[in-house]
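Below is one structure, written out as structure tokens, with a few remarks after it.
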Amino acid sequence: PDPANEGGFVVTVAIADVAYYVTTGSALDREALKRGNSVYFPDRVVPMLPERISNDLCSLKEGVDRPALAVRMTFTREGRKLRHSFHRVMMRSVAKLAYPQAQAAIDGVPDEKTGPLLEPVLRPLWDAYAALRTDREKRQPLDLDLPERKILLKPEGTVDSVIVPERLDAHRLIEEFMIQANVAAAEALEAKRQKLIYRVHDAPALAKQESLREFLQSIGISLARGAELRTRQFNAILDRVRGAENEALVNEVVLRTQSQAVYSPDNLGHFGLNLRRYAHFTSPIRRYADLTVHRALISALSLGKDGLTDAQEARLDEIAEQISISERRAMAAERDT
């Protein structure tokens, strides 16, 4: 209703307050850093934090009070962010909805849980996402179509089938709000001149760009030499093969052309998302980088005593390198299985 931002939106993204439970330098903290992240296999998860924290105390359960770190973001009707603020809050989730359940309500098939939430909550949320999508289309992040495959196992542990779950707008909506929250975290910390760990993604190396040119030439697509490639050019290539028989192959080759994303205390920007600054904030239960960003926000914004310590701040280089290595180790293990 703000007359200064007619048709705009206020969106709050609340994330479990893991820093409240996992204190810097504790045995829990040392073990979390050693693991770096949770690892997902077809038959099990190797969690970064114990189940008592990840599945209970830091799980935003329906109707239960939970400490959270929340970012409140104000967007225009065109999806441009006007401002944001971070708050340490106690929240109570009104409903825990599965992606297909929320999508079904928007598609006209609400159930007894989503029915009462459709007009006051879900529809405004989808409207806000539509506005953000307008801004995203202008930004042109890398638009790779790489469907996630899910391996279903038989009771004895052998492979039963491999399915590709449908990718819904409900998934894309959460993803887009997460990206906005991550950007807001980086901006808030920079504004306070607080050191942090960024998620950085460099532009593709020249040698990889050349390999991509040769490959594209072999399927009749030309790519100008010498010009610095931007996400827009990659998206134009991906658009050309959409629906063609070699679509999956081209997506795979474009992916392999990209640099490896890593964690770093130095901001190199995020090429794939086409963002100048980006930090991981939204998954402190399963990524140590996000827990570090939470602590940095608590310190920078004077939100409590469990923020980033001077000792940890002095080790951000070392921590960033360690969690980048453990992430690659996890990815290799997941690929092997």
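In a residue-by-residue description of the range 184-197, the property of being exposed (fewer than 13 other Cβ atoms within 10 Å of the Cβ), over 22 Å from ILE323 (Cβ atoms) and at pLDDT below 95 applies to no position. Going by the conditions given, is ALA236 in a helix (DSSP H, G or I) and either small (Gly, Ala, Ser) or open to solvent by 70 Å² or more (accessible area, probe 1.4 Å) (or both)? Criteria met by ALA236. The set of residues from the range 1-41 being under 30 Å from GLY157 (Cα atoms) and over 21 Å from the mean Cα position of the chain (by Cα) comprises GLU31, LYS34. Here GLN180 does not fit the description of being under 30 Å from ALA16 (Cα atoms) and either touching an Asp or Glu at 6+ places or on another chain (Cβ under 9 Å) or surrounded by fewer than 17 Cβ atoms within 10 Å (Cβ to Cβ) (or both). Every test in (1) without any contact (Cβ under 8 Å) to a residue 60 or more places away in the chain; (2) farther than 21 Å from VAL11 by Cβ is passed by LYS96 save one, and that test is (2).
Does TYR129 satisfy the condition of being open to solvent by 70 Å² or more (accessible area, probe 1.4 Å), among the hydroxyl-bearing types (Ser, Thr, Tyr) and in contact (Cβ under 8 Å) with a residue 40 or more places away in the chain? No.
On the basis of being assigned to a helix (DSSP H, G or I), among the β-branched types (Val, Ile, Thr) and crowded, with 19+ Cβ neighbours inside 10 Å, does VAL253 make the cut? No; evaluated as a whole, the condition is false for this residue.
The residues on offer are ARG72, ARG92, and the sole one that is open to solvent by 50 Å² or more (accessible area, probe 1.4 Å), in a strand (DSSP E or B) and more than 28 Å from THR134 (Cβ to Cβ) is ARG92.
The values are calculated or read from the model by the stated rules, or taken from the named source; none is laboratory data. Bear in mind that the values here come from a model prediction, so they are computed numbers and not experimental data. Note that each Cβ is placed from the backbone with ideal geometry, even for glycine, and that neighbours are counted across all protein chains shown. Accessible surface is based on the protein model in full, side chains and every heavy atom, while ligands, DNA and RNA are left aside. Shrake-Rupley method; radii C 1.70, N 1.55, O 1.52, S 1.80 Å.
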